[in-house]
1. Can you tell me how segment 19-159 classifies by the Cα gyration tensor, rounded, prolate or oblate, using a/c under 1.5 as the rounded cut?
2. Could you let me know the centre-to-centre spacing of segment 188-254 and segment 9-46, using Cα atoms, in angstrom?
3. For the full complex of protein chains and a 1.4 angstrom probe, list M137, M188, M111 by accessible area with the highest value first.
4. How big is segment 109-254 by Rg and Dmax over its Cα atoms, in Å?
5. How many nm separate the modelled label positions at D72 and R221, each set 7 Å beyond the Cα in the direction of the Cβ?
6. Carbon and sulfur atoms: what percent of the 1.4 Å accessible area of segment 1-141 do they account for?
7. Label Q152 and E6 with points 7 Å out from Cα along Cα→Cβ: what is the distance between them in nm?
8. With a ≥ b ≥ c taken as the square roots of the eigenvalues of the C-alpha gyration tensor of the chain, please select rounded if a/c is under 1.5 and otherwise prolate if a/b is larger than b/c or oblate if it is not?
Amino acid sequence: MSSLKEQIDTERLPRHIAIIMDGNGRWAQEKGKDRLYGHFHGVESVRDIVEGCAELGVGYLTLYAFSTENWDRPAYEVTGLMELLVETIRKETATLNKNNIKLHVIGDHSMLPENAKQALKESLDMTSTNTGLHLIMALSYSSRWELVNAVQRIASDVELGTIKAADVNQDTLQRYLSTSEFPDPELMIRTSGEYRISNFLLYQLAYAELYFTPVRWPDFRKENLYEAILDFQGRERRFGKTSAQVKSETNLNS
Ligand code: IPE
Ligand code: IPE
Ligand code: MG
């Protein structure tokens, strides 16, 4: 029996994988520990999954690390998460460079503490010329924030006369989103047994394949990623067409 990794068809990888890294708190509490202990161990999974995606040749990986709504958590947890963020970015930038990974960040950064802004800026600069995996961290991100922000900027450009309201189409909206440089995710994974999107990439996930696993984020490793990719590769993506149409197109292309 070949390994899970060997079963993956590298010609048909999802171009962009997006992950809701959920379950750190429960993972820790189940061990009788503080929630921050779970976040701390979640960093190990981030390292493993980033490496796994880079090794396979996935183009884009978006990780939902902190939502706009997460600011409402108890202050000690928010502070702990921000400290972990700064420490992790500082420590991992060299590894990102070694693996030719380019970092991007999406979200409302005005909310972040100064040292986090500074650490992110340094890491973004230091990885800006890398040409391998695009690693997109969604930090202080929510899709509704992003959409409102895009609509405001479109409206302001209409007021200025740089675009016409009648010309606004899907391409225009795409250009005003914080994900304008990236293709839409093809596979969205959520860990820890919750079946919801929690304000993540609502527009961009329109045709993503959704994969839910009960595995808590700190236990999620490359093997779990391979399982999700294999599941993705076993699905028929129809984009509104019939199965017969999709099959004849696949035969024509092969
Ligand atoms: C995900 O784990 C990490 C963040 C949201 C920052 P949680 O902290 O949501 O863990 P659970 O869902 O409470 O177990
Ligand atoms: C979503 O997880 C946000 C991140 C993983 C960063 P949450 O734990 O905040 O989502 P809900 O509250 O369960 O929907
Ligand atoms: Mg959660």
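1. On the way: a/c = 1.71, a/b = 1.12, b/c = 1.53.
In terms of gyration-tensor shape, oblate.
2. Cα centroid to Cα centroid, the span is 17 Å.
3. Details: M137 30, M188 0, M111 90 Å².
Listed by decreasing accessible area, they come as M111, M137, M188.
4. 19.1, 55
5. 3.7
6. Numbers: 3500 of 6790 Å².
With neighbouring chains kept in place, the figure for segment 1-141 is 52 percent.
7. Placing both labels 7 Å beyond Cα along the Cβ direction yields 5.4 nm.
8. On the way: a/c = 1.57, a/b = 1.05, b/c = 1.49.
Since a/c reaches 1.5 but b/c is at least a/b, the shape of the chain is classed as oblate.
The values are calculated or read from the model by the stated rules, or taken from the named source; none is laboratory data. As the structure is a computational prediction, the values presented were derived from the model and not from experiment. Reconstructed Cβ throughout: ideal geometry from the backbone, glycine too, with neighbour counts over all protein chains shown. Surface accessibility is based on the protein's heavy atoms, side chains included, excluding ligands, DNA and RNA. Shrake-Rupley method; radii C 1.70, N 1.55, O 1.52, S 1.80 Å.
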